[in-house]
Every structure is written in C-alpha cells, then in structure tokens.
Amino acid sequence: MEDTALTPYAKQLALLLFGLAEQRTGEIRVSQRRLAALSRMALATVNRRLRELEDAGYLAVKKQCAHYDRSRKRFIRKTDVYICVIPQNHYLLIPYRIWRQIFRAGAHGAQISVFLFVYRMMRLEELRRRSAKGERRAYPSFSMIAENTGHADSTVRASLKILAGFGLLYTQHCLTRSGVYACNSYYLLCEASAQVLPVRRHVRRDLKQ
C-alpha cells in the first residue's frame, strides 16, 4: 500500500491476487487472461505487473510444466500457481464486501492505492478511539496521502473525486472555529450501515474532545 516503489497498477493487481488467494497457504491458481478480465487491465500490463510484484518480493510464481493432450494433438501448459507472500505483521485486513465493491465500481490504479491509504487511516483512527460503533472516518491531508502513496497532489485530488463518484468515500469539507480551512474528513460509504452525510461545511472540533 505504502510502497512508493510499486506502480499503482501493481498494487491493484496485488489487491486482486491477495483477495483471491487461499487464506492458509496464500496460493492461487488463475490464468493471466482471467486476471486481466477481473482487473480490467490489458494482458500485457498484467504480465508486466506480475513480474514487478515478483521482483519486489510480494509474489512467488510456481511454473507448471506442459503436457501433451492427445485429443487436441498439442502441448498444453497448466495454469501457473501464484503464491502471495503474506507478511507476519504490519498488514491490513479488508472486508470482502469492500474488496468486491472496489472492483465492481471500476476503480483502478491510483484510485485504489489512495482508497487503501484512506481506509488504513480510518482503521487506525478506529483503534485510537477504541470503538467500532461509530462511522468510520479519517482526515489525512492531501500532502500526507500523496507522500505515502507516491502520487502527485493533483492525482490524489482527482482520485478522491472519482472515489466519491463511485460511492466508496464521502468527503466533508472542514473549517476551524476561526473559519480557516482544515483537512477534509473522509467517511466510508461502502459499509452496509453507512449513510450519506449532508453536503455542508462544519466546524471541526478538537480531537481531544
């Protein structure tokens, strides 16, 4: 998520692979054509991003040998097995319903990495407050998102607007009590209990309150 050396599309493909992998072993047997269809990327792009993830140490590939099919009278190679290198710690679990909605909405590239970072900040804020009953929200600045995802400020702003259009995030503009613009608050809209908030500016309260 925060590996700025990875391209956005490599992160998108990693999210797909890790979501489909067998939980205990991290293995997944899927063709590159299937990955291209699910990720909505070109086959050549999928091939390059798989190599990128493998070189970065996030993925291992177990090549399958070809065998001769007498009925088809040609050699057929079985689908390769991809092994997701799941870390022992410092990882984030994403609910399947959110994972599914990300891909159903058509989010891709920078939009996914921006969403993942904002979602991570929501989870950290949730742990800080030690409560999961309230609505999930976070308030990272544009510069903070850009620094941790490796995207330009303009890319972050555009991605947040697109994510709002997809119904994944809601952005609420915040003002301090003196009327100065503060960091936006981001709410998760893809939860079953989430409600669309009114579009208005509000006074940001002290976080210690």
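The values are calculated or read from the model by the stated rules, or taken from the named source; none is laboratory data. Owing to the predicted nature of the structure, the values given are computational and were not obtained by experimental measurement. For accessibility, only protein heavy atoms count, side chains too; no ligands or nucleic acids. Shrake-Rupley method; radii C 1.70, N 1.55, O 1.52, S 1.80 Å.
On the protein heavy atoms, probe 1.4 angstrom, tell me the percent of accessible surface of segment 1-127 carried by carbon and sulfur.
Working: 3760 of 7580 Å².
The C+S portion of the solvent-accessible surface of segment 1-127 is 50 percent.
Can you divide the C-alpha Rg of segment 106-171 by 2.2 N^0.38 Å and report the result to two decimal places?
Numbers: Rg = 11.9 Å, N = 66, 2.2 N^0.38 = 10.8 Å.
So segment 106-171 has a normalised radius of gyration of 1.10.
Enumerate the amide H contacts of Leu169 below 5 Å, restricted to partners 5 or more residues apart or on another chain; note that Pro and chain-start residues carry no placed amide H.
When sequence neighbours closer than 5 places are left aside, the close amide H contacts are Ala164, Leu189.
Top to bottom by accessible area (1.4 Å), largest first, where do Val61, Val114 land? Before the final figure, lay out the partial values.
Values: Val61 40, Val114 0 Å².
Descending order: Val61, Val114.
May I ask you to give the solvent-accessible area per residue for segment 1-120, in square angstrom, as obtained with a 1.4 angstrom probe? Walk me through the numbers before you get to the answer.
Details: 7220 Å² over 120 residues.
That works out to 60 Å² per residue.
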